[in-house]
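Notes for the one structure printed next.
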Amino acid sequence: MVSLFFLLGLTWAPMPSAAQAALSASVPYAPSWLARHHLQLLADQAALPLPVSHWPLPAAAVQQALDSLPVDTPWADSRRVVQQELHSLLQHGQLGLHLRSESEAPVGYAENYSPGNSATLVTPEWRHGTGGITLAARLGGRVEVNPNSLQNQFGGPQDEGHYAIRPESSAAVVGWGGWNLQAFSQRYFWGPGWQNSLVNGSNNPAWTGAGLQRASAAPSASPWLAWMGPWNFDVFVAKAHDPVVVADQPSGFLFSGMRLTLKPQPWLELGLSRGMQTAGAGRPSGVGEFVKAFLGQQTNKDLGDNFQDSSGQIAGYDVRVNCPKAWGHCAAYTQWMGEDSAGNVIPLPFKFMSLWGLETTTADGQHRLFAEWVDTNAYSLPWNQQASFPGYVNGVYRQGYTQGARWVASSFGSGAQVLTLGWLDASQQRLVKVHHGQLASSLGAYSPGVPHAPTGRLLGLSVSQTLRWLGMQLSPELAYTQLADGQDQRASKRQNLRLGMSIGLPLIPN
């Protein structure tokens, strides 16, 4: 897709603005659910110069945007919440323990994908240098019960054992000329949704790889690019950790993610994203094949095509638009992701899966309500005349669009149609969500070798509450998910009742 604009993104590297050049290297930052709520309030109500549908962003870029707001902004409390979270993570690190009954449930923004217990550790950030080449780093780790909720037998390599150890939240960053060259292990969320991302979401283990990201999100000083407003560009390549779940699976593939996010107007945010699977066991590999895939050549092979498929990939667009002020504090958003192979000169995405959402906040910003519809079938746009079919699966990468046997995008998986209603009470730090719809493949995890995973009509309810006690952050949770068809598999059942408790505290006491 849009290979052209991604190449153009790289050509912008030699033209950093003064604001960019002033920023040192910093580790990636993805806000909690609560902090993202407050960042969205600041973007909508205080014109925060930051795209907020692209996570993680460099921590320094988020701080730079917060510092640009007037001291007397009416939304100072929202800025304080985000700054406190940023300061705690960067200066004190974090220890986390998540205890929960083994059970599958829908996964939304910044939620823990693991269907069982997990523990995390993140050190404070280390930075060095204030000009020219700068450095930043931190160490992180995660221990978890195997996240493949459909797996019943364990053994062999880590990806197929009962427990997994991952370097999640680790990062080493070299900053120069307004860009961060980084090696990392991190999770992503690309898109305006609160429950779903159609390209790179919260449902899967962290990607471990290397990439390039703009160090700032400030508007460009170039007169040719000033129209973009605040923007960020991110590209990375990671090695997948995929247990063998089907015969002749091209395991160990490379996953490449690319995203450009911009805010040409304070009320408008745009995103262009791409996800690409290349190489793997039994597949063509090497620089030449990667370049062919990057340029969108010979992708997503259909039966009867007379060529060697170079990759499996999806790409597309998302838009978030604020309502006119007279309507109150509300917004609408959509995301379309499809196969990245239409067109002989410049490949463009088509056969779109789609997401549609409406959201509103109360005048004081303490409550957020959203309604989000996701359809992970190709040709899902209302005006499409072609017959739809399930997305995220193809004949080459038979394990599907997955990482650690979990869907990389929406946790509802391939061929789903689900409505999610959500309510966040920011003052009480309470989140309630209701889900209703149809699943065609499986929830959370995916294994073609398990043909009768729970599917069909979905009903779901989840409630979580965050409390503060003795310097700790305690978050009890309750989730109930019911599916109509299929057979129970380990942690993925037709009726799932999940009880859990998340405990977080600073690694280094305040």
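Values in this text are rule-based calculations from the coordinates and carry no lab data. What you see is a predicted model, and the numbers here were worked out from it, not measured in a lab. Don't worry about glycine lacking a Cβ; one is built from the backbone with ideal geometry, like all the others, and counts go over all protein chains shown.
Listing for the model above:
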| item | result |
| --- | --- |
| Dipole moment magnitude, nearest 20 debye, the chain about Cα centre, only Lys, Arg, Asp, Glu C-beta charged | 340 |
| Per residue convex hull volume, Cα atoms of region 46-157, in Å³ | 170 |
| 20 Å-binned pair-distance histogram of the chain (Cα, whole percent) | 24, 61, 15, 0 |
| Rel. contact order, % - alpha carbon contacts under 8 angstrom, at least six apart, region 407-510 | 22 |
| Neighbour-count ranking [beta-carbon atoms within 10 angstrom, fewest first] of Met472, Met258, Met228 | Met472, Met228, Met258 |
| Cut-off under 5 Å, modelled amide H: who pairs with Asp242 long-range | Gly252, Gly404 |
| Helical mean residue ellipticity (222 nm; -39500 (n - 2.57) per DSSP H run of 4+; nearest 500) of the chain | -3500 deg cm²/dmol |
| Order of Met276, Met501 under a 10 Å beta carbon neighbour criterion, fewest first | Met501, Met276 |
| Among Ser447, Ala35, Gly191 the positive-end extreme of the charge dipole of the chain (Cβ point charges) | Ala35 |
| Rough spin-label spacing in nm, given labels placed 7 Å along Cα→Cβ, for Val319 and Ile503 | 4.9 |
| Unit charges at the beta carbon, dipole of the chain: most positive-side option, Gly357, Pro324, Val173 | Val173 |
| Relative contact order, percent, region 24-75 [alpha-carbon distance under 8 Å, six or more residues apart] | 44 |
| Label-zone membership for region 312-340, site Leu295, 7 angstrom Cα→C-beta point, backbone N under 18 Å | 312-313, 340 |
| Normalised contact order of the chain, rounded percent, pairs of Cα under 8 Å and 6 or more residues apart | 15 |
| Residues Tyr480 and Gln153, FRET efficiency given R0 of 25 Å [Cβ-Cβ distance, rounded to 0.05] | 0.35 |
